[in-house]
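Note sheet for the following structure.
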Amino acid sequence: MRRVPRNVLLAATAATLVTALGAATATASAATGHPEPPRLAVAHGKFAPASQADGATAVTYNTTLAPEGARAAVVEWAGPDGSTRIHLFVKGMVADRVYGAHVHTKPCGKLPADAGPHYQDQVDPVTPSVDSRYANPRNEVWLDFETDHRGAAHATSRNDWRFRDGGARSVVIHEMATATHDGHAGTAGARLACLNVDFV
């Protein structure tokens with residue numbers, strides 16, 4: 001049996017999810033008579049060296065924990081009810097390991113810090129934001145995941161708001177699970193990799 005390349009599987013998984021979400025929304029709209037369609041965004045890429053950030057969709061800053069050639073995909077579903085769902089898929093990461101992941105405000109760059117801070121619906125007036133009133137999964141988008149024995153994982157988030165236009169530009173993968181206690185809330189260690197996403 002011929003093996004299907006990982007990039008094809010990842011893209012197919014994202015496409016299947018988009019189709020399913022679209023069908024579910026169409027059914028709900030027909031039932032409620034709500035005329036507004038959802039807004040969808042999809043991004044996927046293979047982690048390239050950070051030096052290639054200017055032309056790459058995805059980059060790695062740590063080739064041990066986020067190997068070159070590993071892949072990530074993101075599907076955003078912005079529903080007519082004002083909510084936002086984000087799905088993150090990864091393949092080729094280190095097996096059986098926990099990672100943190102969040103939506104950030106700026107595109108990926110050659111340096112990990114180029115992606116800016118976490119996107120927040122209600123912006124913390126203090127930076128860096130480590131106050132759990134602001135740095136929490138209800139006010140930010142947290143997509144922490146644990147890989148399986150093949151280095152693959154899927155994470156999902158749901159928030160009762162939509163992104164501001166141009167305010168969210170990437171998903172950054174971090175080295176550990178996201179902390180929740182005051183003084184460290186929202187922190188997840190070093191930034192390992194980044195995927196550009198044109199969130200809607």
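Observations
- Heavy-atom accessible surface of the range 85-146: percent carbon and sulfur, 1.4 Å: 55 percent
- Distance from the range 37-69 to the range 96-168 (C-alpha centre basis), Å: 15 Å
The values are calculated or read from the model by the stated rules, or taken from the named source; none is laboratory data. Predicted model, so just to flag it, every value in this text is computed and none were measured. Ligands, DNA and RNA are stripped out before the accessible areas are found, and what is left, the full protein with its side chains, is counted by its heavy atoms. Shrake-Rupley method; radii C 1.70, N 1.55, O 1.52, S 1.80 Å.
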